[in-house]
Structure formats: structure tokens, C-alpha cells
Amino acid sequence: MVEPTKVTKPVIERLSVASELIEDQELDLRTPSIRPTKFVDYPGQEDVKKNLEVYVAASLKRARPMDHVILHGAPGLGKTTLANIIANELGVPFVATSGPAIDKSGDLAGILTGLEPGSLLFIDEIHRLNIKVEEVLYSAMEDFSIDIIIGQGAAARSVRMDIAPFTLVGATTRLSLLSRPLLGRFGIQERLEFYDAPALTKILFRTSDILGFKLSDEAALEIAHRSRGTPRLANRLLRRVADFADVENLREINRKVADLALVRQGIDASGLDRVDRRILMTMLEQYEGGPVGIETLAVTLNEDRDTIEDVYEPYLVYRGFIARTPRGRSLTSQGLNYVKTQLNKHCLD
């Protein structure tokens, strides 16, 4: 339930600004936006994309808001972009915020009461909503209404306020942290996987065209192989490689300058960076390849546990270098061979 004094327009404005800052961190505002706005311009995630296209078409045919959507997967796979595309394809307003930006239930109520009919509300890192805020979503998602407390003390009473029908799209890297009551209210649940090299290559060529870079096929493939299956990283690496090409006065980004730029940033041919290699090396040298608990590993590396779990571990598991076991994390035979190869080449930092 929500106190009416918390439901104010300034709250909406503050959260809108916070959302814009989040978007600004992902896109360099000095250059044109590289975020696609249509499914046809979105390479990769074919199964997810095809499913969403059906749900959007069904929503438009019925002239009713699309069912609520939860998108989950590792960071940088395009969850925010997909939410934007859904809103654009539906032709509805897009309102974005994040779980950490919503401190109180009144903050969320302020957003909900300010939505236009049919709007798409996107909440990034939705797993970080506190339980009081989350409870406001229950009736909002099911009945398009929220409960507001009027008065104080013994005279206080609850009044149900209707809100405009809307579609909630939540994004999370930690699906297991969502409560069952909240997760169960999402009728559409889609997982985004890491991208393969061909899909990343398409993304890189699209980005280079938008930003005015000339990119060779070999350079695009080299960057794609070292982008950890993540479009966000691929686009970031492309810009850094372009910096090296500009300094060398090259008219086209070729494989040689791409390799030079990526090596200078500590990214090897497998897409692993210095921290990845530290994780694997620590597991081998100090814990004989494991198993080792995530907390112990985080303390040894002087890294935050969430950073290891959210940023580094998913790709290492995906590549088959480490395995999660009931007793902790262990190096696989492939991970062990990788570390030994790197040691022989003296490439570890």
C-alpha cells in the first residue's frame, strides 16, 4: 500500500532523469545512436525475437496491451534494446527506470499513475526492487490498480485507485533473485543467450556503417571472436579499434590494427581479459583447480562477489573453462589446458 503524499510528479521526473542517465552510460551521446528500433534490424537471438514478434502481432490484433515480459540473461545481451523495440513495434510510449532508482513504494506509484494507456514500463535490474515496492506491482500487473492509504493512525483507510493498462517489461541478470509471486505474474519469460560470431559480425558492420567506419571482413570477425558473445562489448571494442586506426591514418579498419588494439587492452584470442585470466590462474595455483567457494574466490581476488558472478563467471562457464558444482567452482579440463597454454606463452598478466 502507498501513502498519497509520495505520489508526485517530481518523482516521475526524477526517475525519468535517472533512466536517461542509465541510457547515456550505454551509448556515447557524441555519436549517433546505434540502438536498433525494429526487430528486422536486431541481429541474433532469433528464437526470442520470433516469439516476441508473435506476441506483438497478437497484441496489435486484439487491440489490448501485450502481456508482461521478463527478459533475463548476462549483461550486455540487448535486453534494454529489445524493450525499446517492443514499444516501438507496438507504437506505445516507452518509460524506463531501474530497480535501484525506485527507493519507495510511492516512487513506483508515481510512475504507474503517470503512465498513458498502453504504455510500456521498462524496469532494468528488476531483481533489485525491495519487497515493499514489489508488492505495489502485484495488483498493478494483475488488475491495473494500486492501493493507496488515506489518512493516518486509526482513521487511515485503504482506497484502490485504477491506473491505465500497461505492459511491464523487466530485465534481470539474476532471475533466481526474483520472488516467486513476482515472477509468476510475467506471462512472457524469455532468456537471452550469448551471441555467436556471425551475429556479432552483423552487429559490427551495422554499427560501423552508422558511425562511418570502414571495416574489413577479417577485422570484424577478429573483434567478434573476442567480444565474449556480447553486443555491448563488441560495439565498445569497435570504437577502441577505430581509435587505433585513426591514429595510424588507416582508411579501413583491418585485422592487423584490430589485433593490435585488442592485445593492448589485454584481450586474448579467446576473448578473455586480465581479470578472467586472474580467476583461472588463482583457481589453479591457490586451489589446485578447485572446487573453491565463490566467497573464498572473491576474497582472494579482491573482487566483489556479484561482479564475478554477473560479469565474469557466465562467459567462463559458457566457454567451458569452469564448472559450477555443489562444492564450488572448478576448472574443467578445457580451462586447465587454457591456463597451461597461456603459462607456456607467458601471456598471463
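Please treat every number below as a calculation from the coordinates, not as lab data. Predicted model only: the values in this text are computed from it and were never measured. As a convention, Cβ positions derive from the backbone with ideal geometry for all residues, glycine included, and neighbour counts pool all protein chains shown.
Pairing the Cα long axis of helix 255-264 with the longest principal axis of the chain, what angle in degrees results, from 0 to 90 and rounded to the nearest 10?
Between helix and principal axis, roughly 80 degrees.
What is the chain's relative contact order, in percent, from Cα pairs under 8 angstrom and six or more apart in sequence? All intermediate terms of the calculation are to be shown ahead of the outcome.
Numbers: 530 pairs, mean separation 58.1, N = 349.
This gives 17 percent for the chain.
Rounded if a/c is under 1.5, else prolate if a/b beats b/c, else oblate: with a ≥ b ≥ c from the C-alpha gyration tensor eigenvalues square-rooted, which is segment 274-345? Display every interim value, and only then the final one.
Values: a/c = 1.42, a/b = 1.35, b/c = 1.04.
The shape class here is rounded.
Relative to the longest principal axis of the C-alpha atoms of the chain, give the angle of the C-alpha long axis of helix 79-90, reported between 0 and 90° and rounded to the nearest 10°.
The answer is roughly 50 degrees.
So what is the relative contact order of segment 274-345, in percent, for Cα pairs below 8 Å that sit 6 or more residues apart? Could you put the intermediate results ahead of the total?
Numbers: 71 pairs, mean separation 25.7, N = 72.
About 36 percent, as a whole number.
So the label point goes 7 Å from the Cα of Arg160 along Cα→C-beta, right? Which residues of segment 127-145 then have their backbone N under 16 Å from it?
Residues 136-145 fall inside that zone.
Given a cut-off of under 8 Å on Cα pairs at least six residues apart, what relative contact order in percent is computed for segment 46-191?
On the way: 235 pairs, mean separation 50.7, N = 146.
Across segment 46-191, relative contact order equals 35 percent.
Would you please give the residues with an amide H less than 5 Å from that of Ile322, counting only those at least 5 places away or on a separate chain, with H modeled from the backbone geometry?
For Ile322, whose amide H was placed from the backbone, the distant partners under 5 Å are Val317, Thr332.
Take the alpha carbon atoms of the chain, find their radius of gyration, then divide it by 2.2 N^0.38 Å using N residues; give the quotient. Walk me through the numbers on the way to the answer.
Working: Rg = 22.9 Å, N = 349, 2.2 N^0.38 = 20.4 Å.
That works out to 1.12 for the chain.
For the chain, what number of Lys pairs, 8 or more residues apart or on separate chains, have alpha-carbon atoms under 19 Å from each other?
Counting lysine pairs in the chain gives 18.
Does segment 109-198 come out rounded, prolate or oblate by the C-alpha gyration tensor, with a ≥ b ≥ c the root eigenvalues, rounded set by a/c under 1.5 and, if not, prolate when a/b is larger than b/c and oblate if not?
Values: a/c = 2.98, a/b = 1.98, b/c = 1.50.
Verdict is prolate for segment 109-198.
Decide, for segment 182-272, between rounded, prolate and oblate: order the square roots of the alpha carbon gyration tensor eigenvalues as a ≥ b ≥ c, take rounded if a/c falls under 1.5, and otherwise choose prolate if a/b is larger than b/c, else oblate.
Values: a/c = 2.77, a/b = 2.08, b/c = 1.33.
Prolate is the answer for segment 182-272, as a/c is 1.5 or above and a/b outweighs b/c.
Can you compute the modelled spin-label distance between Glu46 and Asp209, with each label point 7 Å from Cα toward Cβ, in nm?
So the two model labels end up 1.9 nm from each other.
By how many nm would the segment from Thr282 to Tyr318 lengthen if fully extended, with 0.36 nm per residue of separation less the alpha-carbon distance? Could you put the intermediate results ahead of the total?
Values: separation 36, 0.36 × 36 = 12.96 nm, distance 1.91 nm.
This chain segment gains 11.1 nm when fully extended.
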